[in-house]
Amino acid sequence: MSAKKTTFPYYKLKEGENLKSVCKKLNLDSTEILLLNNLSPKQIKEGIFIKIKNNAENT
């Protein structure tokens, strides 16, 4: 039996966005984003793609 691979949608940070603004916009917790992406807050910057939790509230 094979394990099912979990996939996540991605979000690209736009100009002027930061961790706090993305969390507010997508209704997500900053700790969750950092852990999911194995990043520190200083690594969250314009132009990077981050994995986000897939839930109905984000659409």
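Any idea how many residues of region 12-30 are more than 10 Å from the chain's Cα centre (by Cα) and on the phi < 0 side of the Ramachandran plot?
8
With respect to the numbered conditions (1) part of a loop (DSSP other than H, G, I, E, B); (2) modelled with pLDDT under 95; (3) in contact with a Lys or Arg (Cβ under 9 Å, 6 or more places away or on another chain), which one is the sole condition not fulfilled by Lys5?
So the condition that Lys5 fails would be (3).
Identify the residue in region 1-32 that is out of contact with any Leu (no Cβ under 7 Å at 6 or more places or on another chain) and aliphatic (A, V, I, L, M) and, among all such residues, is surrounded by the fewest Cβ atoms within 10 Å (Cβ to Cβ).
By that ranking, first place goes to Met1.
Could you please tell me which pairs satisfy a Cβ distance under 6 Å, a separation of 6+ or placement on different chains, a first residue in region 5-29 that is under 11 Å from Ile44 (Cα atoms) and in contact (Cβ under 8 Å) with a residue 12 or more places away in the chain, and a second residue that is surrounded by 11 or more Cβ atoms within 10 Å (Cβ to Cβ) and charged (D, E, K, R)?
Short answer, once both residue conditions are applied: Leu13/Glu46.
The values are calculated or read from the model by the stated rules, or taken from the named source; none is laboratory data. Predicted model only: the values in this text are computed from it and were never measured. Note that we place each Cβ from the backbone using ideal geometry, even for glycine, and neighbour counts take in every protein chain shown.
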